[in-house]
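The next block holds one structure in the form of structure tokens; read it before the comments.
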């Protein structure tokens, strides 16, 4: 099956045919570095990380470019507010970007250009637009003349006659037309600037992506991506200025991810509901957040709420439990050569799902089907060794599950036993932090790990002397504190259940 991608430009799924056989050029709009990253940034970064991983796994030689906007009105305003040099602030938040994204397993792209390192390329592109009659100079600013470019609005579906000045477009007396936008901004006192043929100034926002994408990927290139909020005006303006300068097509496939809402409300600073990644990761495992972000199709809106995140965490635990069971079954000397349907052709079915416009919900469903089958086999193994597939077959299943999960989805990267211990510590910490404020929690305080282990040892002694009433009392005491025990051949294990 061919890889098919929904192209925002054509509004339909298309077979993916790269410009150069075997090679893919992909540019994704990165962040403007003036603040910490939020869950909306996480969704976009994780999505394109998965696309990068998947294209690479399909054998493509991928050049992935993701930029940093490190000079911008927001950066300058924030630097003034906190009384910090603008460049120092931008560099600081670039470093913070990795603090947020690295725990989520977001791989570093092939190239991570910064706008301030590409001033000469930006100026060269602007000069070409002026020469071709698509831009004009006015009081040190350089503006792109939208009316000079035929087809403006085809990406977003907007018609120029419907765009009312002042509603969607910044009103500026320097503009010949209200739709025109800045390519170069004349310097203002106290603001960063570079010398140019039009006087000292700095780049507009849109021009940097056109200059940097073509610098590293050529013209045209294969994939341009970003959040749905960038479709207009940012990506629309990129198309206009890039194609006006080159005279040919700019990008073949446009990919946009949907918005993240918070409890069914739009996430925005004005509503005070912006969720920073590092705040989420205080109570959620990074892989659980990643699983949550991939649980809906990337083009659909995604609602962040406590229930959905808990479901993602529980789902991740089920996958790790199945992985642990699978490792145990490898040592069980099975004899059956039959494989349950859910465990057959995992990689082929996974690829079929991903080939359908990177359908991660369906790909995850295949992994969960496999997890259920593995857990069923593990349960049946206690009754009959005849039901256990041979180690050769199970080893193949292990590979078929782990390779797509790790290489493409970026999950299941931790040893199952280590993951279980991490979750115990995390849940204990969360219960202590969140529950200690309630009256009920004050009456039943969360025990420490040492307390839990001591209670389990005490219960084991009670069972040895056949004092089952005392053993049950200890089990109930722990259960009231959300600590649940599981007795097995290897002894008693425990977990926290919210």
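The values are calculated or read from the model by the stated rules, or taken from the named source; none is laboratory data. Please read all numbers here as calculations on a predicted model, not as lab measurements. Glycine also receives a Cβ, built like all others from the backbone with ideal geometry; neighbour counts cover every protein chain displayed.
For the subset of segment 143-159 comprising residues that are within 34 Å of the chain's Cα centre (by Cα) and farther than 27 Å from residue 201 by Cβ, which member is surrounded by the most Cβ atoms within 10 Å (Cβ to Cβ)?
Only one residue fits best here, namely 155.
Would segment 420-443 turn up any residue that is at pLDDT 80 or above, assigned to a helix (DSSP H, G or I) and within 30 Å of residue 348 (Cα to Cα)?
So far as segment 420-443 goes, yes, one or more of its residues are at pLDDT 80 or above, assigned to a helix (DSSP H, G or I) and within 30 Å of residue 348 (Cα to Cα).
Taking only segment 446-475 into account, find how many residues are outside any helix (DSSP H, G or I) and more than 18 Å from residue 426 (Cβ to Cβ).
Here the count works out to 3.
If you go through segment 293-309 one residue at a time, how many are within 21 Å of residue 431 (Cα to Cα) and in contact with a helix residue (DSSP H, G or I) (Cβ under 9 Å, 6 or more places away or on another chain)?
Counting residues in segment 293-309 that are within 21 Å of residue 431 (Cα to Cα) and in contact with a helix residue (DSSP H, G or I) (Cβ under 9 Å, 6 or more places away or on another chain) gives 3.
Scan 277, 255 and give me the residue that is touching a helix residue (DSSP H, G or I) at 6+ places or on another chain (Cβ under 6 Å) and in contact (Cβ under 8 Å) with a residue 60 or more places away in the chain.
277
What number of residues in segment 459-498 are over 22 Å from residue 314 (Cβ atoms) and in contact with a helix residue (DSSP H, G or I) (Cβ under 6 Å, 6 or more places away or on another chain)?
Qualifying residue count, segment 459-498: 6.
Among (1) within 27 Å of residue 493 (Cα to Cα); (2) surrounded by 15 or more Cβ atoms within 10 Å (Cβ to Cβ), there is one condition residue 379 misses while meeting the rest; what is its number?
All conditions pass for residue 379, except number (2).
Looking at segment 22-33, can you tell me whether even one residue there is in contact with a strand residue (DSSP E or B) (Cβ under 9 Å, 6 or more places away or on another chain) and farther than 21 Å from residue 230 by Cβ?
Yes, segment 22-33 has at least one match.
Can you pull out the residues in segment 40-86 that are closer than 30 Å to residue 19 by Cβ, out of contact with any strand residue (DSSP E or B) (no Cβ under 7 Å at 6 or more places or on another chain) and free of Cβ contacts under 8 Å to residues at least 40 places away in the same chain?
59, the sole residue that qualifies.
Report, by residue number, each residue of segment 346-362 that is part of a helix (DSSP H, G or I) and over 28 Å from residue 427 (Cα atoms).
346, 347, 348, 349, 350, 351, 352, 353, 354, 355, 362
Kindly provide the set of residues from segment 12-32 that are touching a residue at least 24 places away in the same chain (Cβ under 8 Å), within 19 Å of residue 235 (Cα to Cα) and more than 17 Å from the chain's Cα centre (by Cα), ordered by number.
Result: 25, single match.
Would you call residue 352 at pLDDT below 95 and either in contact with a helix residue (DSSP H, G or I) (Cβ under 9 Å, 6 or more places away or on another chain) or farther than 30 Å from residue 7 by Cβ (or both)?
The answer is no for residue 352.
Kindly establish whether residue 299 is surrounded by fewer than 17 Cβ atoms within 10 Å (Cβ to Cβ), under 20 Å from the mean Cα position of the chain (by Cα) and in contact (Cβ under 8 Å) with a residue 24 or more places away in the chain.
In short, yes.
Do we find a residue being at positive phi, surrounded by fewer than 21 Cβ atoms within 10 Å (Cβ to Cβ) and at pLDDT 95 or above anywhere in segment 218-227?
yes
Test residue 89 against the stated conditions and say whether it is touching a helix residue (DSSP H, G or I) at 6+ places or on another chain (Cβ under 6 Å) and either part of a helix (DSSP H, G or I) or free of Cβ contacts under 8 Å to residues at least 60 places away in the same chain (or both).
Against the criterion (touching a helix residue (DSSP H, G or I) at 6+ places or on another chain (Cβ under 6 Å) and either part of a helix (DSSP H, G or I) or free of Cβ contacts under 8 Å to residues at least 60 places away in the same chain (or both)), residue 89 qualifies.
Please enumerate the residues belonging to segment 285-300 that are outside any helix (DSSP H, G or I) and either under 15 Å from residue 102 (Cα atoms) or at pLDDT below 95 (or both).
285, the sole residue that qualifies.
Residues that are surrounded by fewer than 17 Cβ atoms within 10 Å (Cβ to Cβ): list the strands (runs of 3 or more DSSP E) wholly contained in segment 1-73 that include at least 3 such residues.
Hits in segment 1-73: 12-15.
May I ask you to verify whether residue 95 is in a helix (DSSP H, G or I), without any contact (Cβ under 8 Å) to a residue 12 or more places away in the chain and either within 26 Å of the chain's Cα centre (by Cα) or surrounded by 13 or more Cβ atoms within 10 Å (Cβ to Cβ) (or both)?
So residue 95 passes the test.
Conditions: (1) touching a helix residue (DSSP H, G or I) at 6+ places or on another chain (Cβ under 6 Å); (2) in a strand (DSSP E or B); (3) at pLDDT below 95. Residue 261 meets all but one. Number of the miss?
Unmet for residue 261, out of (1) touching a helix residue (DSSP H, G or I) at 6+ places or on another chain (Cβ under 6 Å); (2) in a strand (DSSP E or B); (3) at pLDDT below 95: (1).
Looking at residue 117, is it over 33 Å from the mean Cα position of the chain (by Cα) and more than 23 Å from residue 253 (Cα to Cα)?
Here the answer is no, as residue 117 does not meet what is asked.
Quick one: how many residues across segment 482-492 are outside any strand (DSSP E or B) and either touching a strand residue (DSSP E or B) at 6+ places or on another chain (Cβ under 8 Å) or modelled with pLDDT of 80 or more (or both)?
1
Taking residue 129 and the conditions (1) assigned to a loop (DSSP other than H, G, I, E, B); (2) touching a helix residue (DSSP H, G or I) at 6+ places or on another chain (Cβ under 8 Å), which numbered condition does it fall short on, given that it satisfies the others?
(1)
Would you pick out the residues in segment 321-345 that are crowded, with 21+ Cβ neighbours inside 10 Å and either modelled with pLDDT of 95 or more or not in a helix (DSSP H, G or I) (or both)?
Of everything in segment 321-345, nothing turns out to be crowded, with 21+ Cβ neighbours inside 10 Å and either modelled with pLDDT of 95 or more or not in a helix (DSSP H, G or I) (or both).
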